[in-house]
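**Student:** Take a look at the following structure, please.
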Amino acid sequence: MLRVSFSDTAGGQRWSLYGRLAGPWVDELRLCWRQLRARAPRARAIVDLKDVTYIDGSGEELLSEMQTAGAEFVAAGVENKHLLASLKDKDKHPPQRRLEHIKAPCGAPETPEGGDQ
């Protein structure tokens, strides 16, 4: 579930997102984004992601589109901050998060490839 809070002031548009930016909620946000940005395309747009708990691949794509359109982001948490940094550097690293390099759960010792411990 995703909740979106929007305010339009003299200082620009502020978008505050809460919950999961995933699945059908991405398309809903994209539709709202396009409609409201069309009304004031030159207004400053700030997107607050501090209360977003999960972002899937389609959510990452939407954030990239928003950034290309000039959105500024506010984030908390290592994962969301890392995602935003990778969006800025998307030519070198695609914005999709990859966790293949993690072989063991947090705190568990890693075992060598193909071996048991």
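What follows is calculated from the coordinates using simple rules that are stated; it is not laboratory data. Small disclaimer: the values here were computed from a predicted structure and weren't measured. Ideal geometry is used to build each Cβ from the backbone, glycine not excepted, and the neighbour counts take in all protein chains shown.
**Student:** Can you say what percent of the DSSP beta bridges in region 2-88, counting only those with both residues inside, are antiparallel? Round to 5.
**Tutor:** Within region 2-88, antiparallel bridges account for around 40 percent of the total.
**Student:** Let me ask another. With the contact rule set at Cα under 8 Å and sequence spacing of 6 or more, what percent relative contact order holds for region 6-88?
**Tutor:** 34 percent
**Student:** Restricting things to alpha carbons, tell me how big region 24-96 is in terms of Rg and Dmax, in Å.
**Tutor:** Cα radius of gyration and Dmax of region 24-96 are 12.0, 33 Å respectively.
**Student:** Only four residue types carry charge here, +1 at the Cβ of Lys and Arg and -1 at the Cβ of Asp and Glu. Report the dipole size of region 2-88 about the Cα centre in Debye, rounded to the nearest 20. Mind dumping the intermediate values first?
**Tutor:** On the way: 12 positive and 11 negative charges, 73 e Å.
Dipole size: approximately 340 debye.
**Student:** Report, by chain and number, residues whose modeled amide H sits under 5 Å from the one on Val47, excluding near sequence neighbours (fewer than 5 apart, same chain).
**Tutor:** Amide H to amide H, under 5 Å and 5 or more residues apart or across chains, Val47 pairs with Trp15, Glu72, Phe73, Val74.
**Student:** Next question, about the same structure. Charges on Cβ only, +1 for Lys and Arg, -1 for Asp and Glu, centred on the Cα centroid of region 2-88; of Leu17, Ala43, Ser5, which one is farthest towards the dipole's positive end?
**Tutor:** Highest projection toward the positive end goes to Ala43.
**Student:** Given 0.36 nm per residue, what is the gain on full extension from Asp51 to Arg39 after removing their alpha carbon distance, in nm?
**Tutor:** Fully extending the segment from Asp51 to Arg39 adds 1.7 nm.
**Student:** Another one. Under 1.5 on a/c is rounded, so check that first for region 1-45, then, if it is not, pick prolate when a/b is larger than b/c and oblate when it is not; a ≥ b ≥ c are the square roots of the alpha carbon gyration tensor eigenvalues. Before the final figure, lay out each step's value.
**Tutor:** Details: a/c = 3.42, a/b = 1.72, b/c = 1.99.
Note, shape of region 1-45 comes out oblate.
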